[in-house]
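Undergrad: Next up is a structure, given as structure tokens.
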Amino acid sequence: MRTLLAGNWKMNGLHASLAEIRALIRSISERPAADIIICPPATLIAEAARTVRSAPIEIGGQDCHAESSGAFTGDISAEMLRDAGATAVIVGHSERRQCHGETNRIVAAKLTAASRAGLAPILCIGESEAQRDRGEAISAVRRQLSESMDAKFKPVELVVAYEPVWAIGTGRTPKPQEIVQMHEAVRAVLIERLGQEGAQIRILYGGSVKPDNAGEILSLPGVGGALIGGASLKAPDFLSILQAIPSR
Ligand code: PEP
């Protein structure tokens, strides 16, 4: 399974920021050490998709609505993202869950919508700090993952990103052993739910991945790549993470 690095720009980036994508393209080879997806804000998706047209970089959205169209002011459907040139979409990011009240049920509907539109969904799950302090991290993440997939969900190109909420944007990360344990638990749920297909799904780690810790995190067993927030905004940081990928 090839490593995947996905960059989540969040609500950052104006037109001028596309220069970072152009800088990435100039610096990577035709077959970089990882699959690369950059998720800029929705306003930049169409132009970003044109920018990467002949480069080994895909463009993704950061969220989508569950419906394909309708009276949902301000929302963007998975079909619209696809139409704009995206090939992937993040669903269930903890900032959506926290700031927009997205429940597992809503996330499950978005996951189905992403697949319907032909987008590779990057499903985010992760425990809060209180859950980890209470010793409930694994059970909370197992439940969240299970409830974020509808019973009939078909996992075409699904990627799962384990992102402890307390590690996002804080500079803190779990201990390597905690990351390994959680990835094993996530894999077990995927196999329980999806059978052999669950064994093929990439599980990313996300939460304060930086050039100086990426080598260690990406070498851990079961870690199939990283979802990167802050360090995806500047091409040199993203490239350092790419270069830190250990050869397997
Ligand atoms: C994220 O937003 O998904 C994320 C992991 O952010 P950061 O890398 O900045 O912690």
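The values are calculated or read from the model by the stated rules, or taken from the named source; none is laboratory data. Note that the coordinates shown come from a computational prediction; the quantities given were computed from them, not determined experimentally. Backbone-built Cβ (ideal geometry, glycine too); neighbour counts: all protein chains shown. Each accessible area value is taken on the protein alone, full model and side chains, heavy atoms only, with ligands, DNA and RNA left out. Shrake-Rupley method; radii C 1.70, N 1.55, O 1.52, S 1.80 Å.
Undergrad: Quick check on my filter: what residues within region 41-52 are outside any loop (DSSP other than H, G, I, E, B) and either under 28 Å from residue 102 (Cβ atoms) or among the acidic types (Asp, Glu) (or both)?
TA: Of everything in region 41-52, those that are outside any loop (DSSP other than H, G, I, E, B) and either under 28 Å from residue 102 (Cβ atoms) or among the acidic types (Asp, Glu) (or both) turn out to be 42, 43, 44, 45, 46, 47, 48, 49.
Undergrad: Moving on to the next point. (1) touching a strand residue (DSSP E or B) at 6+ places or on another chain (Cβ under 7 Å); (2) of a type in the set (Val, Ile, Thr); (3) open to solvent by 10 Å² or more (accessible area, probe 1.4 Å): which one isn't true of residue 179, the others all being true?
TA: Single failed check for residue 179: (3).
Undergrad: Another question about this same structure. Mind checking which residues of region 53-103 are within 16 Å of the ligand (Cβ to nearest atom), open to solvent by 50 Å² or more (accessible area, probe 1.4 Å) and outside any loop (DSSP other than H, G, I, E, B)?
TA: 95, 96, 98, 99
Undergrad: Looking only at region 165-195, count every residue that is within 16 Å of the ligand (Cβ to nearest atom) and not in a helix (DSSP H, G or I) and tell me the total.
TA: Residues meeting the conditions: 7.
Undergrad: How many residues does region 141-161 contain that are more than 18 Å from residue 180 (Cβ to Cβ), more than 16 Å from the ligand (Cβ to nearest atom) and in contact with a helix residue (DSSP H, G or I) (Cβ under 7 Å, 6 or more places away or on another chain)?
TA: Summing the residues that are more than 18 Å from residue 180 (Cβ to Cβ), more than 16 Å from the ligand (Cβ to nearest atom) and in contact with a helix residue (DSSP H, G or I) (Cβ under 7 Å, 6 or more places away or on another chain) in region 141-161 gives 8.
Undergrad: Just name the residue that is nearest to residue 91 (Cα to Cα) out of those in region 218-235 that are aliphatic (A, V, I, L, M) and more than 11 Å from the ligand (Cβ to nearest atom).
TA: Among them, the one singled out is 223.
Undergrad: Might you let me know whether region 127-134 holds any residue that is closer than 30 Å to residue 236 by Cβ and surrounded by 14 or more Cβ atoms within 10 Å (Cβ to Cβ)?
TA: no
Undergrad: Starting from residues that are part of a loop (DSSP other than H, G, I, E, B) and open to solvent by 30 Å² or more (accessible area, probe 1.4 Å), keep the ones in region 196-217 and report whichever is nearest to the ligand (Cβ to nearest atom).
TA: If we take residues in region 196-217 being part of a loop (DSSP other than H, G, I, E, B) and open to solvent by 30 Å² or more (accessible area, probe 1.4 Å), then 210 is nearest to the ligand (Cβ to nearest atom).
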